[in-house]
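The block underneath contains the structure these notes are about, expressed in structure tokens.
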Amino acid sequence: MGKLYDELSEDYRIKEGLKTCINCGTCTAICPAAEFYRYDPRKIVDTVQRKDDAEIEALLKSDTIWYCGECMSCVTRCPRKNGAGLVIMALRNLSIKKGYFTESEKGRQVFPLTRILTGNILNYGYCVHPKSFKWEDHPESGPVWKWHTEHLEDSLARQGANYMGEGPGVLRKIPQESLDELKAIFDISGGTERIEAVEKYSHAKAVEMGMTDEEYLKHTFEYCSDKHFNNEG
């Protein structure tokens, strides 16, 4: 048993998700991600069970642990009620804590996801918010969304939204008191510490790659190679 395994096993998700695995492969058979990615949750669980630090470190630095969609289909079908998805969550958490996530392409995408998603939650109180959803970043949304963003307030008003307004309504302005409560939840639950780790290690990787933080953000948001996909799926 190695130090990485010891640290990993302290995560409650390992205790909840890895009880009596018999390596039957049901998790892989039911997994939506395994159909499209070069991804086998059974093998990940098997690796963790071997408790070998070198193998676990390789997992933490790999793309593999970032393919899971956390749908928990594995939990619903496992004959022993294990949860490969929970094991994946624990591995992701440790990867971020150690800074290993920057060693893989999919891991590096945690940076824009964290910046955008948690930024929206803490700044606006929403996971997705029109102010941060720029058409230029999503050309696949087409000319209709481009027009919509250029006429945002008028368009939302015609749809009955109370965009950034006081009181009730869709896309209303969330009171500062509520935003402060959200920040407190992040602080107490470890969310703030995780955000800081993502920022710290992503900045170091940006410097290593000769990029500014903004260039690195754009690169990790847009770049995706074709090595991840299961061509037989």
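The distance between label points at D137 and E153 comes to 2.2 nm (points 7 Å beyond Cα on the Cα→Cβ vector). Expressed in Å, the radius of gyration and Dmax of the Cα atoms of the range 34-96 are 11.2, 31. Kirkwood radius and radius of gyration were both taken over the C-alpha atoms of the range 1-112, and their ratio Rg/Rh is 0.93. Each Cα pair under 8 Å and six or more residues apart adds its separation to the average, and for the chain the resulting relative contact order is 20 percent. Model label points for H228 and L179, set 7 angstrom from Cα along the Cα-to-Cβ axis, are 3.1 nm apart.
Averaging Cα coordinates gives a centre for the range 31-86 and one for the range 185-202; these two points are 24 Å apart. Cysteines in the chain lacking any other cysteine Cβ under 4.7 Å from their own Cβ: C21, C24, C31, C68, C71, C78, C127, C224.
Using equal-weight Cα scatterers in the Debye expression, the normalised intensity of the range 96-233 in log10 at q = 0.12, 0.19, 0.21 Å⁻¹ is -0.65, -1.16, -1.23. A convex hull fitted to the Cα coordinates of the range 103-164 yields 91 cubic angstrom per residue. For the range 22-66, the Kirkwood hydrodynamic radius comes to 11.0 Å, computed from all pairs of different C-alpha atoms. Mind pulling the angle between the C-alpha long axis of helix 41-50 and the longest principal axis of the chain? Nearest 10 degrees, somewhere in 0 to 90. Relative to the chain, helix 41-50 is tipped by roughly 50 degrees.
What is the diffusion coefficient of the chain in µm²/s, taking the Kirkwood radius over Cα pairs and the Stokes-Einstein relation at 10 °C with a viscosity of 1.306 mPa s? Please list the in-between numbers first.
Details: Rh = 19.9 Å.
So the translational diffusion coefficient is about 80 µm²/s.
What number comes out for accessible area per residue over the range 134-229 if the probe is 1.4 Å? Units Å², please.
Working: 6700 Å² over 96 residues.
Here the per-residue accessible area is 70 Å².
When the square roots of the Cα gyration tensor eigenvalues are ordered a ≥ b ≥ c, the ratio a/c for the range 62-160 is 1.5 or more and a/b exceeds b/c, which makes its shape prolate. For the range 140-150, 3J(HN,Hα) computed residue by residue from phi via the Karplus equation (6.51, -1.76, 1.60; θ = phi - 60°) reads 5, 6, x, x, 5, 5, 4, 4, 4, 5, 6 Hz, glycine and proline entered as x.
The values are calculated or read from the model by the stated rules, or taken from the named source; none is laboratory data. It should be emphasised that the depicted structure is a prediction, and the values quoted were computed from it without experimental measurement. Ideal geometry is used to build each Cβ from the backbone, glycine not excepted, and the neighbour counts take in all protein chains shown. Surface areas here come from the heavy atoms of the whole protein model, side chains and all, with no ligands, DNA or RNA. Shrake-Rupley method; radii C 1.70, N 1.55, O 1.52, S 1.80 Å.
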